[in-house]
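The values are calculated or read from the model by the stated rules, or taken from the named source; none is laboratory data. Note that the structure is a prediction, hence the values are computed from the model and not measured. Glycine gets a Cβ as well: all are built from the backbone with ideal geometry, and neighbour counts include every protein chain shown. Areas reflect the complete protein model, heavy atoms only, side chains present, ligands, DNA and RNA absent. Shrake-Rupley method; radii C 1.70, N 1.55, O 1.52, S 1.80 Å.
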Amino acid sequence: MLQEAALIPVPGHVAPHAAALTEPLAVGFGNVARAAPEPGSGPDSGAVVTGSGPIGLGAVAALVERGVAPVVVSEPSPRRRALAERFGPHMCVDPAARDPYDAWRAAAPPHTPLTVLGCSGRAGMFDEILHRAPCLTRVLLIGACMTEDVFTPAVGLYKDISVTMCMAYPPEEFARTLERIADGTIDAAALVTGQVGLGGVSAALDTLRQPDDHVKVLVRPGLPGTGLHPAP
């Protein structure tokens, strides 16, 4: 079904580098549609999003679109926090300076249920969520941790935390995400901070390990050399 969803013509006014962001943004939009608070949830819901790469930004935009409030983004990179602010959350915090769950408690009305969207994929983040989030929190693990990870199940058990691990999403959300890009609801092009040719893929991977250097680097086979080029 995902292959069928991808066979969608790109509107002529949408730049190719913006259209290329449809899939990662759709992961955020689609998994919010699949498992997060319903549209119009408003002050009876709330969310903390950890990580503001393309998937996290898609999740933030989807939560805001649904009227979820308050939405707090936790992101250590100043560059990525500044970009996340453009997607409409109520607050962006540096977790080294302020605990995002304390920030959410200060902004949310009493007894507001919390959904945490883990979008960073960093090893140890899930265990941190279990320890820091309040009782009865729902956790959506969207960002993929590519290594073995360690967490303490008893913490989640005693706090009645529900966990959903989600990567696939309803295929119709791919088309809807492209529509949002086309009508200007989301500024996908702002996520592209550099581009490389095939010879620069290794350099791109190195720089993406420094999250304040870049957000999304596009691979464009026709570009020369091994270094990074400015964004289109």
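Quick look at the values:
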{"quantity": "Cα gyration tensor shape of region 47-128, rounded if a/c is under 1.5, else prolate or oblate by comparing a/b with b/c", "calculated": "rounded"}
{"quantity": "Highest to lowest packing among 95-106, 202-213, scored as the average C-beta count within 10 Å", "calculated": "95-106, 202-213"}
{"quantity": "Pairwise label distance in nanometres, ALA97 with ASP206, each label 7 Å out on the Cα-Cβ vector", "calculated": "3.0"}
{"quantity": "Carbon plus sulfur fraction of accessible area for the chain, probe 1.4 Å, in percent", "calculated": "58"}
{"quantity": "Ordering of 164-170, 17-23, 77-83 by burial proxy (mean other Cβ atoms within 10 Å per residue, highest first)", "calculated": "17-23, 77-83, 164-170"}
{"quantity": "GNM top mover of GLY28, GLY118, GLY199 - the chain, alpha-carbon springs below 10 Å", "calculated": "GLY199"}
{"quantity": "Contour minus Cα-Cα distance for SER162 and CYS145 (0.36 nm per residue)", "calculated": "4.3 nm"}
{"quantity": "Relative contact order %, region 69-122, counting alpha carbon pairs below 8 Å whose residues are six or more apart", "calculated": "35"}
{"quantity": "The chain - mean residue ellipticity at 222 nm from DSSP helices (-39,500 (n - 2.57) per run, n ≥ 4, rounded to 500)", "calculated": "-10000 deg cm²/dmol"}
{"quantity": "Value of relative contact order over region 40-171, rounded to a whole percent, pairs C-alpha under 8 Å and six or more apart", "calculated": "23"}
{"quantity": "Using a Förster distance of 30 Å, the FRET efficiency for ASP187-ARG105 (Cβ separation, nearest 0.05)", "calculated": "0.50"}
{"quantity": "Per residue Cα convex hull volume in Å³ - calculated over the chain", "calculated": "124"}
{"quantity": "For VAL163, distant residues with modelled amide H under 5 Å away", "calculated": "VAL139"}
{"quantity": "Average accessible surface area per residue within the chain, 1.4 Å rolling probe, Å²", "calculated": "48"}
{"quantity": "Protein-only accessible surface order, largest first, of LEU141, LEU57, LEU136 at 1.4 Å", "calculated": "LEU136, LEU141, LEU57"}
{"quantity": "Relative contact order computed over region 118-174 (Cα-Cα under 8 Å; 6+ residues apart), in percent", "calculated": "41"}
